[in-house]
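Colleague: Got a structure here, written out as structure tokens. Questions coming.
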Amino acid sequence: MIAARGDLADLRLADRVFAPHYAAAVARTVAGQAPLLAEIGGTPVSEVLVGERFDVLELSQGTAWGVAADGAVGFVPIEALSPLATVSHLVVAPGTPLPIGSRVSAAAAATFDATAVRPLAGPHLSVAEAAEALVGVPFLAGGRSGLGCDAGGLIVLALALAGIAAPRFTDLQAPTLGSGVDDPTDVQRGDLLFWGEQAGVAADDTRVIHAGAQGVVAIERSFIPPDQIVVRRLP
């Protein structure tokens, strides 16, 4: 996914993408959690969370078209954005007015339960610990917060809690995150597993935490055909 349409593209893509017009991104901070739409009035494909950066390329019909922090491109409501602000902490657990995955200033973090926020600079949870902390989160198409996740959203959120940036969607996550493991049965705690349009985090060598119709749950890896699994191991 790149910020390019038939009529407009991100100026940062000018050396790779031809468009009749280019726009220089204007950085904003998300002030209110909001869906990210592929087109105005369309179905949410993702969402933006409080405290994240959003690069605005165009304002139209009460929406801002641009690039989210995880690289997803789409439209968000203008009222969800505010001037660029400094954030220093990540919401990592329930117990705040904001869902897991939101980012806040040091001043705001000081008003929250100390166990519910962590500095963005670390220390971080491990990827497996982060995924385990999300068990019970409902499934939500386009979701990537503690209020609801889809397959790719779970990976993005778990890695964010571990201090790792990741692309939004599984088709970009599978070839780019970590390094490939040749033997799909050689699975270790914290490995990322991809099969079809699904994805998960290995809790151990037999269980995988993933976001499915029942929400974020741990399933037996034996339920996934080995010939469909792509295993990626993070450093």
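Coordinate-derived values only; no laboratory data. All figures in this text were calculated on a predicted structure; none of them were measured in a lab. Glycine also receives a Cβ, built like all others from the backbone with ideal geometry; neighbour counts cover every protein chain displayed.
Colleague: When you check F223 against the structure, is it of a type in the set (F, W, Y), exposed (fewer than 14 other Cβ atoms within 10 Å of the Cβ) and more than 16 Å from the chain's Cα centre (by Cα), yes or no? Before you say what the answer is, go through the steps one by one.
Modeller: Values: of a type in the set (F, W, Y): yes; exposed (fewer than 14 other Cβ atoms within 10 Å of the Cβ): yes; more than 16 Å from the chain's Cα centre (by Cα): yes.
Yes; evaluated as a whole, the condition is true for this residue.
Colleague: Something else now. Just need a number here: residues in segment 208-227 that are of a type outside the set (G, A, S) and closer than 20 Å to L161 by Cα.
Modeller: Step one: filter segment 208-227 for residues of a type outside the set (G, A, S), giving 208-210, 214, 216-217, 219-221, 223-227.
Now narrow it down to the ones that are closer than 20 Å to L161 by Cα: 208-210, 216-217.
Count: 5.
Colleague: Could you list all residues from segment 19-34 that are more than 18 Å from I2 (Cα to Cα) and either hydroxyl-bearing (S, T, Y) or not in a loop (DSSP other than H, G, I, E, B) (or both)?
Modeller: R28, T29, V30, A34, listed by residue number.
Colleague: Is it the case that V208 is without any contact (Cβ under 8 Å) to a residue 60 or more places away in the chain, in contact with a Lys or Arg (Cβ under 9 Å, 6 or more places away or on another chain), assigned to a strand (DSSP E or B) and surrounded by 13 or more Cβ atoms within 10 Å (Cβ to Cβ)?
Modeller: Working: without any contact (Cβ under 8 Å) to a residue 60 or more places away in the chain: yes; in contact with a Lys or Arg (Cβ under 9 Å, 6 or more places away or on another chain): yes; assigned to a strand (DSSP E or B): yes; surrounded by 13 or more Cβ atoms within 10 Å (Cβ to Cβ): yes.
So V208 fits the description; yes.
Colleague: Of everything in segment 19-45, what is surrounded by 13 or more Cβ atoms within 10 Å (Cβ to Cβ) and polar (S, T, N, Q)? Give them in sequence order.
Modeller: T29, Q33
Colleague: Can I ask one more? Look through P99, P138, P123, P77 and report the one residue that is surrounded by fewer than 13 Cβ atoms within 10 Å (Cβ to Cβ) and of a type outside the set (V, I, T).
Modeller: Sole residue among the options that is surrounded by fewer than 13 Cβ atoms within 10 Å (Cβ to Cβ) and of a type outside the set (V, I, T): P123.
Colleague: Looking at segment 52-60, is at least one residue part of a loop (DSSP other than H, G, I, E, B), without any contact (Cβ under 8 Å) to a residue 60 or more places away in the chain and not acidic (D, E)?
Modeller: no
Colleague: Let me ask something else about it. Which numbered condition in (1) more than 22 Å from A165 (Cα to Cα); (2) of a type in the set (D, E, K, R); (3) not in a loop (DSSP other than H, G, I, E, B) is the only one that R16 fails?
Modeller: Against the list (1) more than 22 Å from A165 (Cα to Cα); (2) of a type in the set (D, E, K, R); (3) not in a loop (DSSP other than H, G, I, E, B), R16 comes up short only on (3).
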